[in-house]
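The values are calculated or read from the model by the stated rules, or taken from the named source; none is laboratory data. The structure presented is a predicted model; accordingly, all values stated were derived computationally and were not measured. Quick reminder, even Gly has a Cβ in these numbers, built from the backbone with ideal geometry, and neighbours come from all protein chains shown.
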């Protein structure tokens, strides 16, 4: 059965800390892996990864994919309270997105 | 470019009633997927429509149904509502590049918050 597993389920850090969120997957016909940030309602797109070993960066956020070991990590450096959100990992199979349950990040001042 | 639009934003229904939610995808996007999100279960896939045809279906009872119109707008219907149907229902649209190349990233609407009392 295709699945996406995220860890940890929740995380509490202080401003300035660095966090690493994990996403492992077992999805047939893998096409790409995506990260989303959900603050209130609509998840907003962060990254799309299709190739192993190529890091994608956007400001303090970065992500990398390992297609051999079937996982991805999302790093956030120098965290800020505005980073508090649920981070969702999704894997695109042949015709369908598979979502993980998300990691709830709480950044305290 | 307008984003994904879901209506209504909030809805309160009583048990046994039925409800219809609407989703207008980004212009040019022909794939529309529906998800149910609850605190306990996370984001659960309901179904996906492409060119007016349901292509994928999640593990939800037959009370949950949907359709897509020729302009790619989609509706989701839930009949005989149960308390457990209270959730945020999200719609996402994607641009399909073509066979083999897959989809682009999915763009989400703001969701419809359904409360069943």
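Laid out as a table, the results:
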| item | result |
| --- | --- |
| Test result for residue A:41, closer than 20 Å to residue B:105 by Cβ and assigned to a loop (DSSP other than H, G, I, E, B) | yes |
| Candidate set: the stretch B:78-108, residues that are modelled with pLDDT of 95 or more and in a loop (DSSP other than H, G, I, E, B); chosen: the one nearest to residue A:30 (Cα to Cα) | B:86 |
| Residue A:15 being surrounded by fewer than 20 Cβ atoms within 10 Å (Cβ to Cβ), in contact with a helix residue (DSSP H, G or I) (Cβ under 7 Å, 6 or more places away or on another chain), more than 14 Å from chain B (Cβ to nearest Cβ) and more than 25 Å from residue B:4 (Cβ to Cβ) | yes |
| Count of the stretch A:13-25 residues which are within 15 Å of the chain's Cα centre (by Cα), over 26 Å from residue B:88 (Cβ atoms) and part of a strand (DSSP E or B) | 1 |
| Every residue from the stretch A:78-100 that is assigned to a loop (DSSP other than H, G, I, E, B), modelled with pLDDT of 90 or more and within 11 Å of another protein chain (Cβ to nearest Cβ) | A:100 |
| Meets criteria (in contact (Cβ under 8 Å) with a residue 24 or more places away in the chain and closer than 15 Å to residue A:42 by Cα) for residue B:17 | no |
| Pick from the stretch A:51-76, criterion surrounded by 13 or more Cβ atoms within 10 Å (Cβ to Cβ) and in a loop (DSSP other than H, G, I, E, B), ranking: farthest from the other protein chains (Cβ to nearest Cβ) | A:60 |
| Residue under evaluation residue A:9, criteria (1) modelled with pLDDT of 90 or more; (2) within 11 Å of chain B (Cβ to nearest Cβ); (3) buried (at least 19 other Cβ atoms within 10 Å of the Cβ), criterion not met | (3) |
| Spans of strands (runs of 3 or more DSSP E) in the stretch B:21-77 with at least 2 residues away from chain A (no Cβ under 13 Å) | B:64-68 |
| Breaking point among (1) within 14 Å of residue B:11 (Cβ to Cβ); (2) without any contact (Cβ under 8 Å) to a residue 60 or more places away in the chain; (3) within 13 Å of chain A (Cβ to nearest Cβ), for residue B:89 | (2) |
| Test: residue in the stretch B:63-71 that is buried (at least 21 other Cβ atoms within 10 Å of the Cβ), farther than 18 Å from residue A:92 by Cα and at pLDDT below 95 | no |
